[in-house]
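Single-structure report; data block below.
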Amino acid sequence: MSKEFEKTVVYSALEVANICGVANQTAINWIRNGYLKAYSTPGGQYRVYADDLVGFMTERNMRVPENLASMCSQNNDKGLLIVEDDLGLNTVLYQYLTKEFPECQLYQAFDGFEAGSVMTGKKPSVVVLDLNLPGVDGFELCKKINSSDAFGNPAIIVITALQDCGIEDKISEMNAVAFFRKPVVLEELSQAIRTAFSKVAK
(Lines give C-alpha, C1' and ligand atoms only; values in the text may rest on other atoms or scores of the structure.)
Protein backbone atom coordinates (compact mmCIF):
# COMPACT_ATOMS: atom_id res chain seq x y z
CA MET A 1 0.00 0.00 0.00
CA SER A 2 1.49 3.33 -1.02
CA LYS A 3 1.78 6.22 1.40
CA GLU A 4 -0.40 8.36 -0.84
CA PHE A 5 -3.18 5.76 -0.62
CA GLU A 6 -2.81 5.51 3.12
CA LYS A 7 -3.37 9.25 3.45
CA THR A 8 -6.75 8.95 1.71
CA VAL A 9 -8.20 6.05 3.73
CA VAL A 10 -11.74 7.02 4.74
CA TYR A 11 -14.57 5.43 6.71
CA SER A 12 -18.34 5.63 6.39
CA ALA A 13 -20.48 6.56 9.39
CA LEU A 14 -21.43 2.89 9.78
CA GLU A 15 -17.77 1.83 9.78
CA VAL A 16 -17.01 4.54 12.36
CA ALA A 17 -19.87 3.23 14.50
CA ASN A 18 -18.54 -0.34 14.28
CA ILE A 19 -15.00 0.73 15.15
CA CYS A 20 -16.20 2.78 18.14
CA GLY A 21 -18.76 0.21 19.27
CA VAL A 22 -21.77 2.51 19.01
CA ALA A 23 -24.99 2.71 16.99
CA ASN A 24 -24.82 4.12 13.47
CA GLN A 25 -27.03 7.06 14.49
CA THR A 26 -24.60 7.94 17.30
CA ALA A 27 -21.74 8.26 14.80
CA ILE A 28 -23.96 10.38 12.55
CA ASN A 29 -24.83 12.63 15.49
CA TRP A 30 -21.13 13.07 16.32
CA ILE A 31 -20.56 14.27 12.78
CA ARG A 32 -23.65 16.50 12.58
CA ASN A 33 -22.82 18.13 15.92
CA GLY A 34 -19.27 18.90 14.79
CA TYR A 35 -17.57 16.58 17.27
CA LEU A 36 -16.14 14.35 14.54
CA LYS A 37 -14.73 15.97 11.41
CA ALA A 38 -16.16 14.55 8.19
CA TYR A 39 -17.13 15.45 4.64
CA SER A 40 -20.14 14.51 2.50
CA THR A 41 -20.05 12.60 -0.78
CA PRO A 42 -22.13 13.81 -3.76
CA GLY A 43 -24.69 11.24 -2.65
CA GLY A 44 -24.94 12.77 0.82
CA GLN A 45 -23.01 10.06 2.67
CA TYR A 46 -20.55 11.00 5.40
CA ARG A 47 -16.89 10.04 5.11
CA VAL A 48 -14.24 10.35 7.85
CA TYR A 49 -10.47 10.37 7.38
CA ALA A 50 -8.48 7.90 9.48
CA ASP A 51 -6.43 10.73 11.05
CA ASP A 52 -9.57 12.55 12.19
CA LEU A 53 -11.13 9.39 13.61
CA VAL A 54 -8.00 8.51 15.59
CA GLY A 55 -7.80 12.05 16.97
CA PHE A 56 -11.48 11.96 17.96
CA MET A 57 -11.13 8.58 19.70
CA THR A 58 -7.91 9.50 21.49
CA GLU A 59 -9.32 12.74 22.88
CA ARG A 60 -12.19 10.74 24.38
CA ASN A 61 -9.96 7.99 25.81
CA MET A 62 -11.42 5.37 23.45
CA ARG A 63 -9.24 2.42 22.50
CA VAL A 64 -7.79 2.87 19.01
CA PRO A 65 -7.38 -0.41 17.07
CA GLU A 66 -3.81 -1.00 15.93
CA ASN A 67 -4.78 -1.38 12.28
CA LEU A 68 -6.55 1.99 12.40
CA ALA A 69 -3.60 3.75 14.04
CA SER A 70 -1.25 2.30 11.42
CA MET A 71 -3.32 3.84 8.62
CA CYS A 72 -2.80 7.39 9.89
CA SER A 73 -0.58 9.65 7.86
CA GLN A 74 2.63 10.08 9.78
CA ASN A 75 5.61 12.38 9.63
CA ASN A 76 8.33 10.77 11.68
CA ASP A 77 11.14 12.82 10.14
CA LYS A 78 11.97 15.11 13.03
CA GLY A 79 8.48 16.51 13.49
CA LEU A 80 8.23 19.20 16.18
CA LEU A 81 4.98 20.35 17.81
CA ILE A 82 4.63 23.60 19.76
CA VAL A 83 1.73 23.56 22.23
CA GLU A 84 1.20 27.05 23.65
CA ASP A 85 -2.10 28.94 24.06
CA ASP A 86 -0.43 32.37 23.98
CA LEU A 87 -0.64 33.30 20.29
CA GLY A 88 2.28 35.71 20.48
CA LEU A 89 4.66 33.29 22.19
CA ASN A 90 3.58 30.39 20.00
CA THR A 91 4.33 32.49 16.91
CA VAL A 92 7.72 33.61 18.25
CA LEU A 93 8.69 30.02 19.02
CA TYR A 94 7.50 28.84 15.63
CA GLN A 95 9.43 31.49 13.72
CA TYR A 96 12.61 30.99 15.73
CA LEU A 97 12.55 27.20 15.62
CA THR A 98 11.75 27.19 11.91
CA LYS A 99 15.09 28.93 11.33
CA GLU A 100 16.92 26.72 13.83
CA PHE A 101 15.54 23.47 12.37
CA PRO A 102 14.97 24.05 8.64
CA GLU A 103 14.96 20.28 8.03
CA CYS A 104 12.17 19.78 10.55
CA GLN A 105 8.41 19.81 10.02
CA LEU A 106 6.90 22.19 12.61
CA TYR A 107 3.33 22.11 13.86
CA GLN A 108 1.41 24.46 16.14
CA ALA A 109 -1.40 23.81 18.61
CA PHE A 110 -3.09 26.29 20.94
CA ASP A 111 -4.87 23.94 23.36
CA GLY A 112 -4.71 20.36 24.58
CA PHE A 113 -7.44 19.05 22.30
CA GLU A 114 -5.77 20.42 19.18
CA ALA A 115 -2.42 19.06 20.37
CA GLY A 116 -3.91 15.58 20.73
CA SER A 117 -5.25 15.67 17.18
CA VAL A 118 -1.91 16.82 15.74
CA MET A 119 0.04 14.16 17.63
CA THR A 120 -2.21 11.30 16.59
CA GLY A 121 -2.14 12.40 12.97
CA LYS A 122 1.45 13.57 12.55
CA LYS A 123 3.42 11.74 15.26
CA PRO A 124 5.99 14.50 15.97
CA SER A 125 9.23 13.33 17.55
CA VAL A 126 9.41 16.23 20.02
CA VAL A 127 6.69 18.28 21.74
CA VAL A 128 7.31 21.67 23.36
CA LEU A 129 4.48 21.80 25.87
CA ASP A 130 3.04 24.61 27.98
CA LEU A 131 1.34 23.28 31.11
CA ASN A 132 -1.31 25.96 31.61
CA LEU A 133 -3.63 25.26 28.67
CA PRO A 134 -7.37 25.69 28.15
CA GLY A 135 -9.42 22.50 27.98
CA VAL A 136 -7.04 19.58 28.48
CA ASP A 137 -4.09 21.06 30.39
CA GLY A 138 -0.47 20.03 29.98
CA PHE A 139 -0.51 17.66 32.95
CA GLU A 140 -3.51 15.75 31.61
CA LEU A 141 -2.04 15.71 28.11
CA CYS A 142 1.20 14.23 29.43
CA LYS A 143 -0.74 11.45 31.16
CA LYS A 144 -2.39 10.60 27.84
CA ILE A 145 0.92 10.68 25.97
CA ASN A 146 2.55 8.37 28.51
CA SER A 147 -0.36 5.93 28.55
CA SER A 148 -0.99 5.51 24.82
CA ASP A 149 1.10 4.65 21.76
CA ALA A 150 -1.39 6.55 19.58
CA PHE A 151 0.62 9.77 20.08
CA GLY A 152 3.88 8.26 18.81
CA ASN A 153 5.76 8.48 22.14
CA PRO A 154 7.33 11.91 21.57
CA ALA A 155 9.99 13.48 23.78
CA ILE A 156 8.34 16.17 25.92
CA ILE A 157 9.94 19.52 26.72
CA VAL A 158 7.93 21.52 29.25
CA ILE A 159 7.71 25.31 29.40
CA THR A 160 5.65 27.00 32.10
CA ALA A 161 5.00 30.18 34.03
CA LEU A 162 3.63 28.21 36.98
CA GLN A 163 5.46 28.86 40.24
CA ASP A 164 3.71 26.19 42.34
CA CYS A 165 5.71 24.56 45.09
CA GLY A 166 6.89 21.16 43.92
CA ILE A 167 6.24 21.89 40.26
CA GLU A 168 9.61 20.41 39.26
CA ASP A 169 8.80 17.14 41.02
CA LYS A 170 5.48 16.96 39.19
CA ILE A 171 7.20 17.58 35.87
CA SER A 172 9.81 14.88 36.52
CA GLU A 173 6.97 12.42 37.08
CA MET A 174 5.66 13.33 33.63
CA ASN A 175 8.80 11.90 31.96
CA ALA A 176 9.69 15.26 30.43
CA VAL A 177 13.21 15.38 28.99
CA ALA A 178 13.66 19.10 29.80
CA PHE A 179 11.94 21.88 31.74
CA PHE A 180 12.05 25.66 31.27
CA ARG A 181 10.40 28.48 33.18
CA LYS A 182 9.06 31.46 31.29
CA PRO A 183 10.42 33.70 29.93
CA VAL A 184 12.16 31.02 27.90
CA VAL A 185 15.73 31.53 26.70
CA LEU A 186 15.38 30.53 23.06
CA GLU A 187 18.97 29.36 22.63
CA GLU A 188 18.63 26.99 25.61
CA LEU A 189 15.31 25.66 24.32
CA SER A 190 16.86 25.07 20.90
CA GLN A 191 19.69 23.07 22.44
CA ALA A 192 17.26 20.97 24.46
CA ILE A 193 15.31 20.19 21.30
CA ARG A 194 18.50 19.12 19.50
CA THR A 195 19.34 16.83 22.41
CA ALA A 196 15.82 15.38 22.36
CA PHE A 197 15.99 14.73 18.62
CA SER A 198 19.31 12.93 19.04
CA LYS A 199 17.82 10.66 21.70
CA VAL A 200 14.62 9.76 19.88
CA ALA A 201 16.63 9.00 16.73
CA LYS A 202 18.50 6.20 18.50
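Of all aspartates and glutamates in the structure, the ones whose alpha carbon falls short of 16 Å from that of K182, not counting any fewer than 8 places away in one chain, are E84, D85, D86, D130, D164, E168.
With the Cα gyration tensor of the range 124-202 giving a ≥ b ≥ c as the square roots of its eigenvalues, does the rule (a/c under 1.5 for rounded; else a/b larger than b/c for prolate; else oblate) give rounded, prolate or oblate? Note, shape of the range 124-202 comes out oblate.
For the chain, the residue among Y35, N132, S12 whose Cα projects farthest onto the positive side of the dipole built from Cβ charges is S12. Relative contact order, whole percent, for the range 21-112 stands at 20, derived from Cα pairs under 8 Å and 6 or more residues apart. Across the chain, the mean sequence separation of Cα contacts (distance under 8 Å, 6 or more residues apart), normalised by length, yields a relative contact order of 16 percent. Relative contact order of the range 130-173, taken over Cα pairs closer than 8 Å and 6 or more residues apart, is 42 percent.
For A178, the residues whose amide H sits under 5 Å from its own are V158, ignoring neighbours fewer than 5 places away on the same chain, with H placed 1.01 Å from N. Expressed as an acute angle from 0 to 90° and rounded to the nearest 10, what is the orientation of the C-alpha long axis of helix 138-147 relative to the principal long axis of the chain? For helix 138-147, the angle is close to 60 degrees.
Per residue of the chain, the DSSP helices (runs of n ≥ 4 H) give a summed -39500 (n - 2.57) that works out to -13500 deg cm²/dmol at 222 nm. Cross-link partners for K122 among the aspartates and glutamates, with Cα-Cα distance under 17 Å and sequence neighbours closer than 8 places in the same chain left out: E4, E6, D51, D52, E59, E66, D77, E103, D111, E114, D149. How large, in percent, is the carbon and sulfur part of the accessible surface of the range 138-185 at a probe radius of 1.4 Å? Looking at the range 138-185 in its full context, I get 48 percent from C and S. The gain in end-to-end length when the K143 to T26 segment is fully stretched comes to 39.3 nm, 0.36 nm per residue minus the alpha carbon separation. Against the main long axis of the alpha-carbon atoms of the chain, helix 112-122 sits at an angle near 70°.
Peptides 80-87, 161-168 ordered by packing proxy, namely the average of other Cβ atoms within 10 Å per residue, highest first: 80-87, 161-168. Using the Cα centre of the chain as the reference point, and only Cβ charges (+1 on K/R, -1 on D/E), how large is the resulting charge dipole? Debye, rounded to the nearest 20. The calculated dipole for the chain is roughly 500 debye. Annotation: per residue accessible area for the range 117-191 equals 45 Å², rounded to a whole number [probe 1.4 Å, protein chains only]. Candidates F110, L189, F151 compared by Cα position along the dipole of the range 57-202: farthest toward the positive end lies F151, with charges placed on Cβ.
Of all DSSP-defined beta bridges confined to the chain, some 25% are antiparallel rather than parallel. Only Lys, Arg, Asp and Glu carry charge here, each on its Cβ (+1 for the first two, -1 for the last two); on that basis the range 103-187 has a dipole of about 140 debye about its Cα centre.
The values are calculated or read from the model by the stated rules, or taken from the named source; none is laboratory data. These numbers were taken from a predicted model, which means no experiment stands behind them. Because the Cβ atoms are built from the backbone with ideal geometry, glycine has one as well, and the counts that use them run over all protein chains shown. These area figures cover heavy atoms from the full protein model, side chains too; ligands, DNA and RNA do not enter into them. Shrake-Rupley method; radii C 1.70, N 1.55, O 1.52, S 1.80 Å.
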